[in-house]
């Protein structure tokens, strides 16, 4: 294919992540692990799950961006990555929207959940 | 065949394959292919994460009890072990990128393999084996405990999720160890240079992905379940 099969085709121009960045990410990941373990022993009610998942997502982003070099990648592989998570989102959202709406009673459950927050709205009018 | 092999060897001192415009395109293509595979892996594990989410929402109490059957110290240690292995994997690629001698690349790869083996040893020897001894391994003499009350079947389901999720993850680790073995052989043969390290890079992507799966499994299985409470005991 190449019109110029000279030395240029055999030269790679990749961004080399410095070791210091890897070590910094490593320390952050270890800190995140300690933090998520520590938080789990404190009663935050429903927020325990939320905090655990936020920390997990933060750790994932660190691994993806730096260890997996996505921060330095070109567009195409980024599209694939975002696509993968987008499909995962579709799977989880549609599965849950089915499952969580199967046991509706006279007042749909989700409506009951938001009722306390909207029941005073008529006072505005 | 041998003529062709010799010719290829002479023409491709850097592992450059002729169908590509240049090394950079070859590198990008390899990386893209691995990411497409990993996208299918996201959905592969995602299916289990989705069913886990649904059943946790249906049986929160039973899942809390189940979570308390697991030992946080092993889960946390293994998380740390995997993060270390991700660092050593990244450093092996870094050694190739910066033209370190092949012994350095092999050293980091073997260090990564040892950490991976440590993870599996802890998982099987100190977790699965004890679960089996304590009769909380579904299919292998699972016994309901009286303190679980009516939650028994759902606790067993949690343990099913635990064994399938960690089992599939462990399977990926074992495959990863196989891939790393191949990389060690390739490195020993001097296949990697500053210009050609695609196999290292995309195997690294796989290894880091398996790490990410564990980063989610650890809180989902071991932590979310009210470690602050007694969990129904």
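The values are calculated or read from the model by the stated rules, or taken from the named source; none is laboratory data. Predicted model, so just to flag it, every value in this text is computed and none were measured. Counting neighbours? That spans all protein chains shown, and the Cβs are built from the backbone with ideal geometry, glycine included.
Whether a residue is touching a residue at least 24 places away in the same chain (Cβ under 8 Å), in a helix (DSSP H, G or I) and closer than 16 Å to residue B:115 by Cα was assessed, and residue B:207 passes this test.
Annotation note: of B:34, B:48, the sole residue that is assigned to a helix (DSSP H, G or I) and more than 10 Å from chain A (Cβ to nearest Cβ) is B:48.
Scanning the stretch B:75-92 for residues that are touching a residue at least 24 places away in the same chain (Cβ under 8 Å) and facing chain A (nearest Cβ under 7 Å) yields B:76, B:79, B:83, B:86, B:90. Would you call residue A:34 surrounded by fewer than 20 Cβ atoms within 10 Å (Cβ to Cβ) and under 12 Å from residue B:83 (Cβ atoms)? For residue A:34, the condition - surrounded by fewer than 20 Cβ atoms within 10 Å (Cβ to Cβ) and under 12 Å from residue B:83 (Cβ atoms) - is met.
Here's the yes/no breakdown for (1) within 14 Å of another protein chain (Cβ to nearest Cβ); (2) over 27 Å from residue A:64 (Cα atoms):
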{"residue": "B:138", "(1), (2)": "no, yes"}
{"residue": "B:149", "(1), (2)": "no, yes"}
{"residue": "B:156", "(1), (2)": "no, yes"}
{"residue": "B:197", "(1), (2)": "yes, no"}
{"residue": "B:209", "(1), (2)": "yes, no"}
{"residue": "B:228", "(1), (2)": "yes, yes"}
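Within the stretch B:211-223, restricting attention to residues that are within 7 Å of another protein chain (Cβ to nearest Cβ), buried (at least 23 other Cβ atoms within 10 Å of the Cβ) and more than 15 Å from residue B:116 (Cα to Cα), the residue that is modelled with the highest pLDDT is B:219. For residue B:138, the criteria (1) in a helix (DSSP H, G or I); (2) free of Cβ contacts under 8 Å to residues at least 40 places away in the same chain; (3) closer than 30 Å to residue A:43 by Cβ hold in every case but one, which is (1).
Checking the structure you have, find out if any residue of the stretch B:178-197 is at positive phi and over 21 Å from the mean Cα position of the chain (by Cα). Within the stretch B:178-197, one or more residues are at positive phi and over 21 Å from the mean Cα position of the chain (by Cα).
If I filter the stretch B:107-123 for residues that are surrounded by 18 or more Cβ atoms within 10 Å (Cβ to Cβ), part of a helix (DSSP H, G or I), under 26 Å from the mean Cα position of the chain (by Cα) and modelled with pLDDT under 95, do I get at least one hit? Within the stretch B:107-123, not a single residue is surrounded by 18 or more Cβ atoms within 10 Å (Cβ to Cβ), part of a helix (DSSP H, G or I), under 26 Å from the mean Cα position of the chain (by Cα) and modelled with pLDDT under 95.
In the stretch B:65-78, the count of residues that are surrounded by 16 or more Cβ atoms within 10 Å (Cβ to Cβ) and within 27 Å of residue B:199 (Cβ to Cβ) is one or more. Considering every residue within the stretch A:23-43, establish whether at least one is facing chain B (nearest Cβ under 10 Å), out of contact with any helix residue (DSSP H, G or I) (no Cβ under 8 Å at 6 or more places or on another chain), under 19 Å from residue B:52 (Cα atoms) and outside any loop (DSSP other than H, G, I, E, B). No, there is no match, as no residue in the stretch A:23-43 is facing chain B (nearest Cβ under 10 Å), out of contact with any helix residue (DSSP H, G or I) (no Cβ under 8 Å at 6 or more places or on another chain), under 19 Å from residue B:52 (Cα atoms) and outside any loop (DSSP other than H, G, I, E, B).
Checking A:10, A:15 one by one, the residue that is within 7 Å of another protein chain (Cβ to nearest Cβ), at pLDDT below 90 and touching a helix residue (DSSP H, G or I) at 6+ places or on another chain (Cβ under 8 Å) is A:10 and no other.
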